[in-house]
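Colleague: First, the structure itself, so that you have it in front of you.
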Amino acid sequence: MGYYIRKLNKKKSLPHWKIQFVSYKNHRRTWDIPKERWRALGFHPGMTAFECEVRARQLNSKIHLQQQEERLHRQFKETLELRMRSEAFMPKEFVEEFEMRFIHSRIDDSPLGRRRLKRRRVIWTAAQKMIIKLNVEPSEWFYHLGEIYDYFEAQELSISYIHSVLKFANLWGFFISKKLAKPFLPIEAPRGYDRQRLLEAFYQSKRQKRLPSRGLTPQKLKEVHSTLNPENYNYLLLTLWFGLRPQEVDN
């Protein structure tokens with residue numbers, strides 16, 4: 001989102017531009033900024049289009065910084081809230097020992113090592129959210145498999161990511177149960193009906209978020225001519241220029 005200067009070259013009177021705001025929240029929307037607000041934003045009718053574009057970029061940079069700061073603040077609050085709520089089921093001292101053993105172990109300072117550590121932290125955070133949301137001691141998890149799978153269904157996660165989260169959750173369950181001298185049965189990977197409903201929830205969310213691709217034009221096709229073999233290029237060219245269907249091209 002941000003401010004945009006639209007030039008009005010055919011307009012006879014000054015200014016030869018107008019200020020618009022473009023928003024991409026939910027869907028793309030554009031509206032004009034009324035003249036009464038120009039001076040508050042740092043614009044005036046005597047400015048050239050170039051000067052307005054410079055000012056618009058300055059305002060957009062401020063918007064971007066503010067959004068970034070708000071996003072970081074939300075992340076900090078979520079992390080702090082997660083830490084406070086986790087004390088009931090995940091004491092800080094035990095969590096630190098667990099992370100030292102299973103999160104930071106066998107990690108070097110190479111780029112690959114840093115990526116592995118980042119991924120472990122992301123999955124471990126997801127596992128903590130599940131544990132806190134479940135609100136059940138690990139020794140009782142086996143009796144709440146349905147609730148656990150319901151949680152994953154609501155989160156619309158992929159099966160592979162669910163397996164990764166369960167791996168860390170089971171590690172924690174084994175670790176803390178051994179500390180407290182309690183029995184522990186690991187959470188099983190979803191199978192049968194549960195696996196099917198988790199797959200459907202994930203792919204349904206993907207379908208809803210999918211956006212239509214941009215149309216292919218002859219000009220775009222010409223730009224990528226060198227990357228296509230002649231047969232594929234000619235095939236696409238016929239369908240674009242003559243509007244032929246694939247079966248008609250084959251014939």
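What follows draws every value from the coordinates through simple rules; no lab data is involved. Remember, predicted model here, so these are calculated numbers, not experimental data. Using ideal geometry, Cβ is built from the backbone for each residue, glycine included, and neighbour counts are taken over all protein chains shown.
Colleague: Give the calculated FRET efficiency between ARG191 and GLN67 to the nearest 0.05, with a Förster radius of 45 Å applied to their Cβ-Cβ distance.
Modeller: Given R0 = 45 Å and the Cβ-Cβ separation, E is 0.60.
Colleague: (1) 24.4; (2) 18.9; (3) 23.4: which one is Kirkwood radius over Cα pairs in Å as calculated from this entry?
Modeller: Read-out from the structure maps to (1).
Colleague: In addition: Roughly how far apart, in whole Å, are the Cα centres of segment 100-179 and segment 24-91?
Modeller: 34 Å
Colleague: Let me ask you something else. Could you work out the relative contact order of the chain, using alpha carbon pairs under 8 angstrom and six or more residues apart, expressed as a whole percent?
Modeller: Over the chain, the number comes to 11 percent.
Colleague: Which is farthest toward the positive dipole end of the chain among PRO45, ASN229, HIS163, measuring Cα position about the Cα centre, with Cβ charges +1 (Lys, Arg) and -1 (Asp, Glu)?
Modeller: Most positive-ward Cα: PRO45.
Colleague: Cut-off is 10 Å between beta-carbons; in what order do LYS7, LYS178 appear when sorted fewest neighbours first?
Modeller: So the ranking, lowest neighbour count to highest, is LYS178, LYS7.
Colleague: Quick one: what are the phi-derived ³J(HN,Hα) couplings along segment 177-190, Karplus 6.51/-1.76/1.60 with θ = phi - 60°, whole Hz, x for glycine and proline?
Modeller: Calculated HN-Hα couplings, in order: 5, 5, 4, 9, 6, 10, x, 8, 10, x, 6, 6, 5, x Hz.
Colleague: I'd like the orientation of helix 49-86 relative to the chain: the angle between its Cα long axis and the longest Cα principal axis, in ° from 0 to 90, rounded to 10.
Modeller: Result, in degrees: 10.
Colleague: A follow-up question, please. Over segment 87-209, what is the mean sequence separation of C-alpha contacts under 8 Å (at least six apart), divided by residue count, expressed as relative contact order in percent?
Modeller: That works out to 29 percent.
Colleague: Averaged over every viewing direction, what's the projected area of the C-alpha convex hull for segment 87-209? Give it in nm², one decimal, please.
Modeller: Its Cα hull, projected and averaged over all orientations, spans 8.5 nm².
Colleague: Of LYS118/LYS179; LYS25/LYS206; LYS118/LYS182; LYS7/LYS222; LYS25/LYS118, which ones are farther than 20 Å apart at the Cα?
Modeller: LYS118/LYS179; LYS118/LYS182; LYS7/LYS222; LYS25/LYS118
Colleague: Okay, moving on. If r is the Cβ-Cβ distance from ARG39 to GLU78 and R0 is 35 Å, what FRET efficiency results, to the nearest 0.05?
Modeller: 0.35
Colleague: Can you find, among ILE131, MET1, PRO34, the residue sitting farthest towards the positive end of the charge dipole of the chain, where Lys and Arg contribute +1 and Asp and Glu -1 at Cβ?
Modeller: Result: PRO34, furthest along the dipole toward the positive end.
Colleague: I would also like to ask the following. Rank these for me by crowding, LYS10, LYS179, going from fewest to most other beta carbons within 10 Å.
Modeller: So the ranking, lowest neighbour count to highest, is LYS10, LYS179.
Colleague: What are the ³J(HN,Hα) couplings of segment 198-204, residue after residue, when phi is run through the Karplus curve with 6.51, -1.76, 1.60 and θ = phi - 60°? Round to Hz, x for glycine and proline.
Modeller: 5, 5, 5, 5, 5, 6, 5
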